[in-house]
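Engineer: Would you mind keeping the following structure in view while I ask a few things?
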Amino acid sequence: MARIIESKTLALKIAEAALDKKAEEVVLIDVSDKVDYTDYLVVCSGSSERQVSTIASEVEHRLKQKRIIPYGVEGEADSSWILMDYGSVILHVFFRETRQTYDLEGLWLDADRIEVPAEGEN
């Protein structure tokens, strides 16, 4: 149970960093009782490929300051989808149209959503 709480805190920190770079439609999906490879998915969008890169860079920078390094990063700086694996939390940063194509939220309709505080509420 302690891991789940820590994972939720990490997921919220990731969402906060993304929101600070104006990420759109930030969603936290609790998959802890659905899969064994992660606890939360954080899904968000950027309005351009450049913004997608900026959001991912901000998350990486903030977590690196806390000595939290991703296990892996997929996607390039000019990509329409960047995936960052933090173990208990996986971040997906999409270009708007790419997000619609893959519809990760639709794949996890039966998973709980965690409310993300609006920017400035933390």
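Engineer: Accessible area per residue, 1.4 Å probe, Å², for the chain: what's the number? Can you show the working numbers first?
Structural biologist: Values: 6960 Å² over 122 residues.
I get 57 Å² per residue for the chain.
Engineer: Of all the accessible heavy-atom surface of the stretch 39-122, with the other protein chains kept in place and a 1.4 Å probe, what percent is carbon and sulfur?
Structural biologist: Numbers: 2220 of 4810 Å².
The value for the stretch 39-122 is 46 percent carbon and sulfur by accessible area.
Engineer: Using a 1.4 angstrom probe on the protein heavy atoms only, could you order Val26, Val31 from most to least accessible area?
Structural biologist: Greatest to least solvent exposure: Val26, Val31.
Engineer: Hey, if you put +1 on the Cβ of every Lys and Arg and -1 on every Asp and Glu Cβ in the chain, which of Gly75, Val26, Thr9 ends up farthest toward the positive end of that dipole?
Structural biologist: Of the candidates, Thr9 comes out farthest on the positive side.
Engineer: Any chance you could list the semi-axes, whole Å, largest first, of the equivalent ellipsoid that the Cα gyration tensor gives for the stretch 1-116, using √(5λ)? Walk me through the numbers before you get to the answer.
Structural biologist: Values: eigenvalues 81, 58, 28 Å².
Working through the eigenvalues yields semi-axes of 20, 17, 12 Å.
Engineer: What do you get for Rg/Rh of the stretch 50-122 when both radii come from the Cα atoms and Rh is the Kirkwood radius?
Structural biologist: Working: Rg = 13.3 Å, Rh = 13.6 Å.
Computed over Cα atoms, the ratio is 0.97.
Engineer: Another question, then. Which longest run of the chain has no exposed loop site in it, a site being GluC sites (Glu not before Pro) in a DSSP loop with at most 14 other beta carbons within 10 Å, and the site itself not part of the run? Mind showing how you got there, number by number?
Structural biologist: Numbers: sites that count: Glu76, Glu115, Glu119, Glu121.
The longest such stretch corresponds to 1-75.
Engineer: Moving on to the next point. Excluding residues fewer than 8 places away in the same chain, name every one of the aspartates and glutamates whose C-alpha is closer than 14 Å to that of Lys8.
Structural biologist: Once the sequence-local aspartates and glutamates are set aside, what remains near Lys8 is Glu16, Asp30, Asp33, Asp39, Asp112, Glu115.
Engineer: Can you give the charge dipole size of the stretch 1-99 about its Cα centre, rounded to the nearest 20 debye, using +1 on the beta carbon of Lys and Arg and -1 on the beta carbon of Asp and Glu? Could the numbers behind the result be given before it?
Structural biologist: On the way: 13 positive and 17 negative charges, 74 e Å.
Magnitude of the dipole: close to 360 debye.
Engineer: Work out from phi, with θ = phi - 60° and the Karplus expression 6.51 cos²θ - 1.76 cosθ + 1.60, the ³J(HN,Hα) of each residue of the stretch 6-13, listed in order in whole Hz, and give x for Gly and Pro.
Structural biologist: Working through the residues one at a time gives 4, 4, 5, 4, 4, 4, 5, 5 Hz.
Engineer: Most mobile of Lys13, Lys22, Lys66 per a Gaussian network model of the chain (Cα springs, under 10 Å)?
Structural biologist: Per the Cα network of the chain with a 10 Å cutoff, Lys66 tops the list.
Engineer: Please identify the chymotrypsin sites (Phe, Trp or Tyr not before Pro) of the stretch 44-96 that satisfy two criteria: DSSP loop assignment and at most 10 other Cβ atoms within 10 Å. Which are they? Each step should come with its number before you reach the end.
Structural biologist: Values: sites: Tyr71, Trp81, Tyr86, Phe94, Phe95; in loops: Tyr71, Tyr86.
Sites meeting the loop and neighbour criteria: Tyr71.
The values are calculated or read from the model by the stated rules, or taken from the named source; none is laboratory data. On a predicted model such as this, the values are computed, not experimentally measured, just so you know. Note: ideal-geometry Cβ built from the backbone for every residue, glycine included; neighbour counts use all protein chains shown. Please note that ligands, DNA and RNA were not included when accessible areas were found on the heavy atoms of the full protein model with its side chains. Shrake-Rupley method; radii C 1.70, N 1.55, O 1.52, S 1.80 Å.
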